[in-house]
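*Asks:* Structure incoming, see below.
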Amino acid sequence: MILNRKYYYLWLLLVPAWLFFYLSLQSLTDLIIFGLIKLPKDSHLTNSISFFLFEVPKVLLLLILIVFVVGIIRSYFSPERTRKMLGDKKLFMGNVLGSMLGIVTPFCSCSAIPLFLGFVEAGVPLGVTFSFLIAAPMINEVAVVLLFGLFGWKTALIYMSSGLFIAMFSGFVIGKLKLERFVEDWVYQVKAGNSVIMEEDKITFAKRISYGVDEVKEIVGKVWIYVVLGIAVGAGIHGYVPENFMVGLMGKGVWWSVPAAVLIGIPMYSNSAGIIPIVQALLEKGAALGTVLAFMMSVIGLSLPETIILKKVLKLPLIFTFVGVVGVGIIIVGYLFNFIF
Amino acid sequence: MINIKVLGPGCTNCVNLERLCREVVAENSIDAVIEKVTDYREIMSYGIMSTPGLVVNGKVIHTGKLPNKSTLAHWLQNI
């Protein structure tokens, strides 16, 4: 067992290999395009193929590295520890901290209820709990890496900071509205057993590396197909569909497009990778950035399946308030970015 | 005879963990009863906040992730 763990340090040897591949991607692509299959320069097909051959490994490499690093970071933040950190926090500071912890705490939507119950039981304020629950699915490393790899660091940064803003703002508003009475009564009677805190500090670093490797296997194994699809869409429709195809529907000039995008996005559900091909196609064809990001956020952050799960612990007025406040936050952000860019 | 409880409302990972437990128990002929716990109140009574949870003879062994099969076999054989 001990030997087995030591061997995980060997994964770190892959870091130089990663760097080498990442830095030589352009020359490797050129070598394949012009050296091996000898495509003519400057033809439309060549451009599409070389875009595809360059972007797919680039984005996948970024994804592997970031998921690995985030995996190691996450091994320091168990839900139990996050709950402890949020237990005595007041509104505002609690919302800020809750949103940020939402990013780094390992979370899957199927754990939303136990997590909610655990937070309530530990006395975490309702508004702070919501900040956490909003940030956790919406801002994640997969969304940020894909936006960074495909649309540049500005788009990724905008997405991340506005997602954080929405989580803080919505949690703060929900906290101010004092909606505790709309939490199902049984929730307050739950007696949680002594929590078995995994002793994060005592985990060896080798174990954290193995945690990171597991995350890469699980997450990249699940989302690579969407990356390939997204980039194929980008490479494929380029030039075949009129450049301004979407301008009339989702362009900057269409004032109702932001709320419409959010209304359509709320009942839809997709993971953050699955939405990328759509985002790619929309942006490529002239849809405005704010509108597209608003659509993406409402699909990832709010969804029908999630609200149905939450119905177990929340009464309807609170569910509607939650969806309403977050929806309004997303619409504000959408307009803001359409206005700025 | 050991008592295995899989805690989880019915998400993919919880279903997979139960299946994995049954496989390991069958393959290693471990004398065990496997129980699926879906009631949130009961899940919470074990003090866990991420599912799936694995409880063996009343003690929480693992939460939040699907263990791989050899690790799970190692745990169940060394109770």
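Values in this text are rule-based calculations from the coordinates and carry no lab data. What you see is a predicted model, and the numbers here were worked out from it, not measured in a lab. Backbone-built Cβ (ideal geometry, glycine too); neighbour counts: all protein chains shown.
*Asks:* Two decimals is fine: what's Rg over Rh for the protein assembly as shown, C-alpha atoms, Kirkwood radius as Rh?
*Replies:* Rg divided by Rh gives 1.00.
*Asks:* Modelling each spin label as a point 7 Å along the Cα-to-Cβ direction, I'd like the residue A:154/residue A:61 distance in nm, to one decimal.
*Replies:* 2.5 nm
*Asks:* Now for a different question. Taking the alpha-carbon distance from residue A:311 and a cut-off under 12 Å, which aspartates and glutamates remain once sequence neighbours fewer than 8 residues away in the same chain are dropped?
*Replies:* In chain and number order, the partners are A:184.
*Asks:* Take the residue pairs A:222/B:69; A:312/B:69; A:58/A:222 and return only those whose Cα atoms are more than 21 Å apart.
*Replies:* Long pairs (Cα-Cα over 21 Å): A:312/B:69.
*Asks:* I would also like to ask the following. Per the helix-only calculation at 222 nm, which mean residue ellipticity applies to chain A, given -39500 (n - 2.57) for every DSSP H run of n ≥ 4 and division by its residues, nearest 500 deg cm²/dmol?
*Replies:* After summing the helix terms and dividing by residue count, I get -22000 deg cm²/dmol.
*Asks:* What's the angle, to the nearest 10 degrees (0 to 90), between helix A:316-340's Cα axis and the longest principal axis of chain A?
*Replies:* Once rounded, one gets 40 degrees.
*Asks:* Just for the Cα atoms in segment B:2-77, what are the lengths along the principal axes, largest first, rounded to whole Å?
*Replies:* 32, 22, 15
*Asks:* Spit out the partnerless Cys residues in chain B, using Cβ distances under 4.7 Å as the pairing rule.
*Replies:* B:14, B:21
*Asks:* List A:62, A:336 from most exposed to least, where exposure is judged by having the fewest other Cβ atoms within 10 Å.
*Replies:* Fewest to most other Cβ atoms nearby, the residues stand as A:336, A:62.
*Asks:* Quick one: angle between helix B:12-27 and the longest Cα principal axis of chain B, in degrees between 0 and 90, rounded to 10, please.
*Replies:* 20 degrees
*Asks:* Here's something else I'd like to know. For residue A:184, enumerate residues with amide H under 5 Å from its amide H, sequence gap 5+ or separate chain, H modeled in the peptide plane.
*Replies:* Hits under the 5 Å cutoff: A:314, A:315.
*Asks:* Using Cβ contacts closer than 10 Å as the measure, can you line up A:159, A:269 from fewest to most?
*Replies:* A:269, A:159
*Asks:* Relative contact order for segment B:2-77: what is it in percent, counting Cα pairs under 8 Å that are at least 6 residues apart?
*Replies:* So the answer I get is 41 percent.
*Asks:* To continue, here is another question. Tell me the angle of helix A:289-301 to the major Cα principal axis of chain A, expressed in degrees between 0 and 90 and rounded to the nearest ten.
*Replies:* Relative to chain A, helix A:289-301 is tipped by roughly 50 degrees.
*Asks:* Taking H placed 1.01 Å from N in the peptide plane, check which residues at least 5 places from residue B:36 or on another chain put their amide H under 5 Å from its amide H.
*Replies:* B:6
*Asks:* Would you list, by chain and number, the lysines whose Cα falls below 19 Å from the Cα of residue A:89, excluding same-chain residues fewer than 8 positions away?
*Replies:* A:176, A:178
*Asks:* Counting other C-beta atoms within 10 Å, which of A:12, A:164, A:302 has the fewest, and how do the rest follow?
*Replies:* Placing the least packed residue first, the sequence is A:12, A:164, A:302.
*Asks:* Also: Residue-wise, which Karplus ³J(HN,Hα) couplings in Hz belong to segment B:46-61, taking 6.51 cos²θ - 1.76 cosθ + 1.60, θ = phi - 60°, and x for glycine or proline?
*Replies:* 8, x, 9, 10, 9, 9, x, x, 10, 10, 10, 6, x, 10, 6, 9
*Asks:* Could you check the spin-label model distance between residue A:165 and residue A:43? Points 7 Å from the Cα along Cα→Cβ, value in nm.
*Replies:* 4.7 nm
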